[in-house]
Structures are given as structure tokens and as C-alpha cells.
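Scroll down for the structure; my scribbles are underneath it.
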Amino acid sequence: MMRLLFAAALGLALAACTTTESQPQGSKTDLKEAARLNTQLGIDYMRKGQLELAIEKLNKALDQDPDLAIAHSVIALVYQARGETDQAEDHYREALDLNSNDSVTLNNFGTFLCAQNEISDAEKIFLKAARNKDNAAAADAWANAGTCVRRDPKGLERAEGYLREALRINPKHSNALAQLAQVSYDRKEYLRARAFLQRYEIVARPTSQTLWLGAQNERALGDMVSARNYERRLRTEFPESPETDELPKKSGKR
């Protein structure tokens, strides 16, 4: 998901970097253009994993234009990647103070808050992004809301509603399909979980988590042939995954 977020941020920065007419060196317009260019450079370094250089360029951009929301939004992502949560949160909030309806920043901030286990606050942020009429990726925000809220023991019903809304917008949304399979399994609705997993595998490559879920779900349904097929795929495609390590305890076989 982070790759998708980085790409979205890059697109915003490129859109912001418009060509200006010649201005006197050091003018306000000249500094704003320099800030946009440094933000773009910061994004490029971030995408390459060169986080120190990314921070250097983004801080320079903010020195040139402290009110450039996209620079705050991107440097928050970099600090988040470095595990510097206080700085990340400060810049996310600054970005939203400057542009409260930016869907990319809202979605990234929601992801950040969910990672800090601030589920209620993350839910509010995701829903604001999802309900933004200008958000072209509203399905992602609904799916992220459902994924996060599912971590709340009392949030299963809300999570299902959000995930279904994501599917209403995009019936092929892979994350929503995978999450709804898990929700159905948790509710012991095994046939429904199977159906969601089948839909998932039509639109996305399996992960170790979906293969593990498929194996457990087929065991619950009593279809041992299908369960062992999932387990075989899990060992073959993800031999180093935590889910594969769990197979001996769960299946009793290698």
C-alpha cells in the first residue's frame, strides 16, 4: 500500500510544479517554485529509499515555502517510514491545517493513526477521505477504514459496512474482498468466506495471509482436499512466511 501512497504523492507534487514566468531571483514566486521542485526531488529520493536525502530536500522546500501542504504531507510519510512518529504526526496535522480536504494526506494520516492503534481517530480520518466528493480513490479509503476498524473487537459490523461500500464503488477491490473473507470466517460464515476468496483470486495474486485463510476455511467446511491444496501453495509460494511456519501446528503435516 505504501507504494500506492507514494505514487499518489508524487502525482500531486508534479501537478503542483507548474512553470512560472521569469521572476527576479529571490522573489516570493521564485521561492515557491523552488519549494515545489525540492518537494519533487524529496519524493524521488523517498521512492528510492534514500530517506536522509529526502528529508534534506523536503526541509529545504519548507524553508522556502512553509505553507506548502504537499511538502508537509510527504515529509510526514518519510518520518513515518523512519519510525519518528512525533515528527510524522506534527507534519500530517500541519498539512491538513493547510489543506483539510486533501484525500491522499487524509488516507496516509489514517494509516499512520491506525498503526499507532488509535482506531477511533483513524476511522474518522478515513471516513472524511471516503466521503470527499473529489476523492477518486474513495474505495481505498472505505477499505482502509474497514481494515482498521476490524481490529476493534466491537467494530466488526462497522468494518463490514465500510468494506461493502468499497466493493459497491469497485467490485474488484482486492483488499476489501480479502478483508470480507476474513470477516466472514470470523463469523463462522464459511461458505461466504469461500466465495469472497474465490472472487479475490480472480483479481489479485494470493498472499500468505489469503492462502492461510483459505486453508483454515476449507478445514472448517470439511473439505480436506482443498485445505491441503491451499497449504501446498502456501509452502511453495511463501516458504519463509509466518503462516507457513504455523502449518505443522495446525495441519499436523508437512
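Every read-out reported here was derived from the displayed coordinates using simple, explicitly stated rules and does not represent laboratory data. Keep in mind the model is a prediction, meaning the values are calculated, not measured. With ideal geometry, Cβ positions are generated from the backbone for all residues, glycine too; neighbour counts draw on all protein chains shown.
When a/c reaches 1.5 or more, the comparison of a/b and b/c decides; with that in mind, is the range 117-196 rounded, prolate or oblate per its Cα gyration tensor?
oblate
Modelled label-to-label distance, Ala195 and Arg151, 7 Å Cα→beta-carbon offset: nm?
So the two model labels end up 3.0 nm from each other.
Over the chain, calculate the relative contact order: mean separation of alpha carbon pairs under 8 Å at least 6 apart, over the residue count, as a percent.
With pairs under 8 Å counted, the relative contact order is 8 percent.
Could you calculate the FRET efficiency of Lys188 with Asp121 from 1/(1 + (r/R0)^6), where r is the beta carbon distance between them and R0 is 41 Å, rounded to 0.05?
Working: r = 31 Å, r/R0 = 0.75.
Efficiency at R0 = 41 Å is approximately 0.85.
By how many nm would the segment from Asp44 to Ala81 lengthen if fully extended, with 0.36 nm per residue of separation less the alpha-carbon distance?
11.8 nm
Sticking with the crude label model, points 7 Å out along Cα→Cβ, report the distance from Ile202 to Lys172 in nm, one decimal please.
Spacing of the two 7 Å Cα→Cβ label points: 1.0 nm.
Quick one: length gained pulling Ser100 to Leu51 fully straight, 0.36 nm per residue minus the C-alpha distance?
This chain segment gains 15.0 nm when fully extended.
Mind putting together the pair-distance distribution for the range 205-254? All Cα pairs, 5 Å bins, whole percent per bin, short to long.
Values per bin, smallest distances first: 5, 26, 37, 24, 7, 1.
In which sequence would Thr105, Thr207, Thr111 go, from the one with the fewest C-beta neighbours within 10 Å to the one with the most?
Result, fewest neighbours first: Thr207, Thr111, Thr105.
Do the sum for the chain: with -39,500 (n - 2.57) for every DSSP H run of n ≥ 4, divided by all residues, what is the mean residue ellipticity at 222 nm, to the nearest 500 deg cm²/dmol?
-24500 deg cm²/dmol
Binning at 10 angstrom from zero up to the longest distance, how are the C-alpha pair distances of the chain distributed in percent?
That works out to 7, 26, 27, 21, 12, 5, 1, 0, in percent per bin.
Can you work out the Karplus-derived ³J(HN,Hα) for every residue in the range 132-145? Use 6.51 cos²θ - 1.76 cosθ + 1.60 with θ = phi - 60°, whole Hz, and x for glycine or proline.
Result, ordered by residue: 6, 5, 8, 7, 6, 10, 4, 4, 4, 5, 4, 5, 5, 4 Hz.
If the viscosity is 1.567 mPa s and the temperature 4 °C, what translational diffusion coefficient in µm²/s does Stokes-Einstein give for the range 56-149 when Rh comes from Kirkwood over Cα pairs?
98
Want the number for Arg232 to Arg158: 0.36 nm per residue separation, take away the alpha-carbon distance, what's left?
23.2 nm
Within the range 158-216, list the trypsin sites (Lys or Arg not before Pro) lying in a DSSP loop whose Cβ has at most 14 other Cβ atoms in a 10 Å radius.
Lys172, Arg187, Lys188
Can you compute 3J(HN,Hα) from phi for each residue in the range 213-230, using the Karplus curve 6.51 cos²θ - 1.76 cosθ + 1.60 with θ = phi - 60°, rounded to whole Hz and x for Gly and Pro?
4, x, 4, 5, 5, 5, 5, 5, 7, x, 9, 6, 5, 5, 4, 5, 5, 4
Under 12 Å from the Cα of Lys32, which aspartates and glutamates turn up, not counting those fewer than eight places away in the same chain?
Asp63, Asp65, Asp67
Given +1 on the Cβ of Lys and Arg, -1 on the Cβ of Asp and Glu, and no further charges, what dipole in debye does the range 117-196 carry about its Cα centre, rounded to the nearest 20?
260
In nm, to one decimal, how far is the Asp134 label point from the Ala34 one, both placed 7 Å along Cα→Cβ?
2.9
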